[in-house]
Amino acid sequence: MTLGSGVTLVLAFPSIAATTCPRCYGLVPVEDGLYAEPDVSDVDRQRLVSLYREANQRVTDFYGERRGRPIVLACSTPECYSRVGGGGERGVAVLGRAVMLSPRGLDPVIAAHELSHTELHARLGSGQVPQWFDEGLAVLVADDPRFLLPRTSPDRCRTDTQEPLPQTLDEWLRAASADEQMYGKAACRVHRWAAAHGGPRAVVDLLDRLSRGERFTG
């Protein structure tokens, strides 16, 4: 899930402030780019570091290199997530520069999904993609087994649709709240497009072209 300029201000302002100054919201650095609550146990701290590294590796494996340098705020308690401006989601990417993870989002798949959003927007610059592409790509980068079959499958799609997919963030939020498989449908479309055009390298090339002003036609 991404958080852009059109999202509710009640959520946006605390999130922007918290990702600008994590210490101001009671979070401390655990590893370069990773912040957590100060009283987490050593076991939980190591678990956070492990999932953070795995999530970053999934994004790096897909893109080959990283252009974005987001920070990650990992909340182990609902109180922490509420304090930094989070809602009912598992995680959220804030303005392409940070990721916030709720207690339900402390998982490498969820973290990689949100980190994919930040990497996409770091590469797009002023370019644009429809929201379904952004979300479907994040599912693909994160290798989310809820919505994709294993990589060894000839076709990884768990679900498909020929219907138009949501273009804007508001449209996406409404559609995904009514049908969680919207993520699978978007991932299927991105997966099949990438498979037909050369895999991850084709996605990277597409984003480079869009950043130079080309219009999205996928």
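Accessible surface of the chain, 1.4 Å probe: 51 percent of it comes from carbon and sulfur atoms.
Using the beta-carbon distance between V43 and Q162 and R0 = 41 Å, what value does 1/(1 + (r/R0)^6) give for FRET efficiency, to the nearest 0.05? With a Förster radius of 41 Å, E is 0.30. Please give the helix 131-142 orientation as an angle from the longest Cα principal axis of the chain, in degrees from 0 to 90, rounded to the nearest 10. Taking Cα atoms only, the helix is inclined about 70 degrees.
The residues of segment 1-145 expose, per residue, 42 Å² of accessible area to a 1.4 Å probe. Taking one equal scatterer on every alpha-carbon of the chain, how large is log10 of I(q)/I(0) by Debye at q = 0.08, 0.10, 0.18 1/Å? Log-scaled intensity ratios, in q order: -0.26, -0.42, -1.34. Out of every Cα-Cα pair that segment 40-162 contains, those further apart than 24 angstrom amount to 29 percent. One chain, two ends: R23 and R146. Fully extended at 0.36 nm per residue, the span grows by 40.9 nm beyond their Cα-Cα distance.
Taking other residues whose beta carbon is less than 9 angstrom from the beta carbon of T161, and scoring Lys, Arg as +1 and Asp, Glu as -1, yields 0.
Comparing mean-square fluctuations of E54, E180, E119 from a GNM of the chain with C-alpha springs under 10 Å, the top value falls on E180.
Inter-label distance, Q57 to D205: 2.9 nm, where each label sits 7 Å from its Cα along the C-beta direction.
May I ask for the angle, rounded to the nearest 10°, between helix 9-20 and the longest principal axis of the chain, with both axes built from Cα atoms and the value confined to 0 to 90°? That works out to roughly 70 degrees.
The values are calculated or read from the model by the stated rules, or taken from the named source; none is laboratory data. On a predicted model such as this, the values are computed, not experimentally measured, just so you know. Cβ atoms come from the backbone with ideal geometry, glycine included; neighbour counts cover every protein chain shown. Each accessible area value is taken on the protein alone, full model and side chains, heavy atoms only, with ligands, DNA and RNA left out. Shrake-Rupley method; radii C 1.70, N 1.55, O 1.52, S 1.80 Å.
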